[in-house]
């Protein structure tokens, strides 16, 4: 991933995290491949992130 894209992903991820109040610990566990209970905030975080990239 290019530096610019990675920076944009970090900025948008932080914005979406703030807007959705998603649990950062759960998100990190998910990124590591661990099983976690997906709640409404995590779903909203995913939707926010996809929307920010035009998906």
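The values are calculated or read from the model by the stated rules, or taken from the named source; none is laboratory data. Keep in mind the model is a prediction, meaning the values are calculated, not measured. Don't worry about glycine lacking a Cβ; one is built from the backbone with ideal geometry, like all the others, and counts go over all protein chains shown.
Could you list all residues from segment 1-29 that are surrounded by 14 or more Cβ atoms within 10 Å (Cβ to Cβ) and closer than 12 Å to residue 49 by Cβ? 8, 9, 12, 13, 16, 17, 20, 22, 27, listed by residue number.
Scan segment 41-55 residue by residue and report those that are touching a helix residue (DSSP H, G or I) at 6+ places or on another chain (Cβ under 9 Å) and either at pLDDT 95 or above or surrounded by 10 or more Cβ atoms within 10 Å (Cβ to Cβ) (or both). Those that are touching a helix residue (DSSP H, G or I) at 6+ places or on another chain (Cβ under 9 Å) and either at pLDDT 95 or above or surrounded by 10 or more Cβ atoms within 10 Å (Cβ to Cβ) (or both): 41, 42, 43, 44, 45, 46, 47, 48, 49, 51, 52, 53.
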